[in-house]
Amino acid sequence: MTDYFDSYVVLVVLLLVGGGIVGGGLAANRLLRPHRPTAEKLTTYECGVDPVGDNWAQSYVRYYVFAYLYVVFAVDAVFLFPWATVFSAPGYGMTTLGEMFVFLGFLAAGLAYAGKKGVLSWV
């Protein structure tokens, strides 16, 4: 039973050493960096553009929906590449073909739903 707990001792020691290295690096950075705050350095920085107006800005939800649709189709691409490599393996042809049609059916249903709701129109 002591061998079982000895493996956890090694894990705890490695975690402490790793935490010490990270903490030491952060502490050294804090001690060695120059600290000269000015009014320009303390202003909000957004993509190189000076802040203008109030601190409240609204954005359209439509942009988030486009980002969500991009993520959905990126996941589709991630699934398609391994599928293409397994499809040629012997014994997996019809099974993977059926799985892919089910997956593409779900994606087509989601795309049809998004089109019906008017998400895909730019105006």
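The values are calculated or read from the model by the stated rules, or taken from the named source; none is laboratory data. Small disclaimer: the values here were computed from a predicted structure and weren't measured. Please note: Cβ atoms are built from the backbone with ideal geometry, for glycine as well, and neighbour counts cover all protein chains shown. Surface areas here come from the heavy atoms of the whole protein model, side chains and all, with no ligands, DNA or RNA. Shrake-Rupley method; radii C 1.70, N 1.55, O 1.52, S 1.80 Å.
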Measuring with a 1.4 Å probe in the full set of protein chains, what accessible area per residue, in whole Å², belongs to the range 3-42? 95 Å²
Taking R0 as 22 Å, what FRET efficiency do you get between VAL78 and ALA112 from their Cβ-Cβ distance, rounded to the nearest 0.05? 0.50
Farthest towards the positive end of the dipole of the chain, among VAL61, LEU15, SER88 and with Cβ unit charges of +1 on Lys and Arg and -1 on Asp and Glu, lies the Cα of VAL61
State the extension gain, in nm to one decimal, for the chain segment bounded by HIS35 and LEU14, taking 0.36 nm per residue of separation less the distance between their alpha-carbons. 4.2 nm
Expected 222 nm ellipticity per residue - DSSP helices of 4 or more, -39500 (n - 2.57), all of the chain, to 500: -24000 deg cm²/dmol
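Suppose every K and R has +1 on its Cβ and every D and E has -1 on its Cβ; what is the size of the dipole of the chain about the Cα centre, in Debye to the nearest 20?
Details: 7 positive and 8 negative charges, 70 e Å.
Using only the charged Cβ atoms, the result is roughly 340 debye.
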Accessible area of the chain belonging to carbon and sulfur atoms, whole % at 1.4 Å probe: 70 percent
